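Report on the structure given below.
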Amino acid sequence: MTRRLISSGSSFQRDIGYSRAVVVGNQVFVSSTTGFNYADMTIAPQIAEQARQCLLNIETALAQAGATLRDVVRVRYLLIDASEFALTWPVLRAAFGDIRPAATMIETGLADPRMKIEIEIEVDAIIGSGS
C-alpha cells in the first residue's frame, strides 16, 4: 500500500519534521491544525476566526488527498480555555453540522500563546465515505 505525504508549506512542518496529512489507501490522517494562515504565518486573535482558519487548513489538506470535510469521521478540539468553546460552535456547525463526526473537546495548553484552538483532525477521514 502506498503512503503519500501532504504538506501545507508551513515552517512548522519543516522545523519539527511532520506532514500536514498522510494518505494510506483510502484513509487520510490529518495532523493537529492550528489557526495560523500558513501562507504568511499570521494568526487572528479571535477564537472563532482561528477555528475558521483551522478548518480552511484542514479542507486544503483533505482536498490534496482527494477527500472533503464530508469524509471526516472523527475530530478533536483542543482549547486553552474551555469556556470559549461555545464561541466556535457556529463555525464548527457550518462545517460539520450535517456530517456529525465523532468529536471530543479537551482543555489543554498549546505550543504558542497566540493559539486559542487547535483542531486535531487527526481528522481521520475515509475517502469517499461522505458520498
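Close contacts from region 6-30, counting a first residue that is under 18 Å from R74 (Cα atoms) and in contact (Cβ under 8 Å) with a residue 12 or more places away in the chain and a second that is part of a loop (DSSP other than H, G, I, E, B) and of a type in the set (V, I, T), with Cβ to Cβ under 9 Å and a gap of 6+ residues or different chains, come to V23/T2; V23/I127; V24/T2; G25/T2; G25/I127; N26/I127; Q27/I127; V28/I127. Scanning region 78-95 for residues that are within 18 Å of N57 (Cβ to Cβ) and touching a helix residue (DSSP H, G or I) at 6+ places or on another chain (Cβ under 7 Å) yields L79, T88, V91, L92, A95. In region 94-101, the count of residues that are under 13 Å from I119 (Cβ atoms) and of a type in the set (K, R) is zero.
Screening L92 with (1) closer than 14 Å to E120 by Cβ; (2) in contact with a Lys or Arg (Cβ under 9 Å, 6 or more places away or on another chain) gives one miss only, at (2).
The rows are residues; the columns are (1) part of a strand (DSSP E or B); (2) at pLDDT 95 or above; (3) surrounded by fewer than 15 Cβ atoms within 10 Å (Cβ to Cβ); (4) touching an Asp or Glu at 6+ places or on another chain (Cβ under 8 Å).
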residue: C54; (1), (2), (3), (4): no, yes, no, yes
residue: V75; (1), (2), (3), (4): yes, no, no, yes
residue: A86; (1), (2), (3), (4): no, yes, yes, no
residue: A94; (1), (2), (3), (4): no, yes, yes, no
residue: L110; (1), (2), (3), (4): no, no, no, yes
residue: R114; (1), (2), (3), (4): no, no, yes, no
residue: E118; (1), (2), (3), (4): yes, no, no, no
residue: S131; (1), (2), (3), (4): no, no, yes, no
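Taking region 96-108 as the range and being among the acidic types (D, E) and either touching a Ser or Thr at 6+ places or on another chain (Cβ under 8 Å) or assigned to a strand (DSSP E or B) (or both) as the test, only E107 passes. Might you check whether a residue that is in contact (Cβ under 8 Å) with a residue 40 or more places away in the chain, in a strand (DSSP E or B) and over 25 Å from T2 (Cβ atoms) occurs anywhere in region 40-49? Yes: one or more hits.
In this entry, G66 is excluded by the filter for residues that are small (G, A, S) and surrounded by 21 or more Cβ atoms within 10 Å (Cβ to Cβ).
The values are calculated or read from the model by the stated rules, or taken from the named source; none is laboratory data. What you see is a predicted model; the values in this text were computed from it and never measured. A quick note on method: Cβ atoms are made from the backbone with ideal geometry, for glycine too, and the neighbour counts reach across all protein chains shown.
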